[in-house]
1. Among the GluC sites (Glu not before Pro) in the stretch 142-208, which ones are in a DSSP loop with at most 12 other Cβ atoms within 10 Å of the Cβ? Mind listing them?
2. Could you tell me what % of all Cα pairs in the stretch 99-187 have separations over 15 Å?
3. Place the peptides 93-104, 50-61 in order of packing, highest mean first, counting for every residue the other Cβ atoms within 10 Å and averaging per peptide.
4. When the chain is fully extended, how far beyond the present Cα-Cα distance does Lys177 get from Ile55, taking 0.36 nm per residue of separation?
5. Using 1/(1 + (r/R0)^6) with R0 = 30 angstrom and r between the beta carbons of Val132 and Lys85, what's the FRET efficiency to the nearest 0.05?
6. Given the pairs Lys131/Lys208; Lys64/Lys140; Lys49/Lys185, which are separated by over 32 angstrom at their Cα positions?
7. So how much slack lies between Gln198 and Lys150, counting 0.36 nm per residue of separation and subtracting their Cα-Cα distance, in nm?
8. Report the FRET efficiency, 1/(1 + (r/R0)^6), for Ile158 and Lys185, where r is their Cβ-Cβ distance and R0 is 25 Å, rounded to 0.05.
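Every number in this text was worked out from the coordinates using simple rules, so none of it is lab data. Fair warning: this is a prediction, and the values are worked out from it, not measured in the lab. Positions of Cβ are backbone-derived with ideal geometry, glycine not excepted, and every protein chain shown enters the neighbour counts.
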Amino acid sequence: MARYRDSVCRLCRRENLKMFLKGDRCYSEKCAFERRSYAPGQHGQGRGKRSEYGIQLREKQKVKWMYGLLESQFRGTFARADRLKGITGTNLLVLLERRLDNVVYRLGFANSRNQARQLVRHNHFLVNGRKVNIPSFIVKKGDTVSVKEKSQKVASVIESMEAVARRGVPQWLELEKSHYSGIVKSLPNREDLTMPIQEQLIVELYSK
């Protein structure tokens, strides 16, 4: 399945949740979810109850869209989470949070995870002083993620850094704004994830 390239605002409306997929636009009056907070399509306002499977599927799709993964990537991440010790659902969310593209977004170097993924692929970031251009790279405690010196003049990075105060930086990360870098102070906990996600539904879906 190819990457989704249609309007991402439709995804927020379909999942009935503002997922902040378009960066600054999501905070403005132009946000499609704020104007039409119902599912897209001719019958979007009149959809009935969902089955148990339908509820589980929508939860999985919501998280997949939120982090910008393909189905195969998401399933692979789930399989990895299932092999780790602890609660599979929590492990899944922690692995998704530790992705380099998500860390770049969380630190405020990009307005959205999609933009962060593009910047990472274009070699704008260093991890512990070494170039890493793999969005799915998993950061560890103590890692330093920084913007390359030449890339600190990129317009999108500058604009994102100016708006970082509005979105905030999670407690498990520490931003050094003047140096265009951030440190992974600790691994994220379930309590650090504030989005309304019911990860147990995803576990139940993949356990069938």
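1. Sparse-neighbourhood loop GluC sites (Glu not before Pro): Glu149.
2. Working: 1932 of 3916 pairs.
Within the stretch 99-187, distances greater than 15 Å cover 49 percent of Cα pairs.
3. Sorting 93-104, 50-61 by mean packing, highest first, produces 93-104, 50-61.
4. In short, 39.9 nm is gained.
5. 0.70
6. Lys131/Lys208; Lys49/Lys185
7. 13.2 nm
8. The formula returns an efficiency of 0.50 here.
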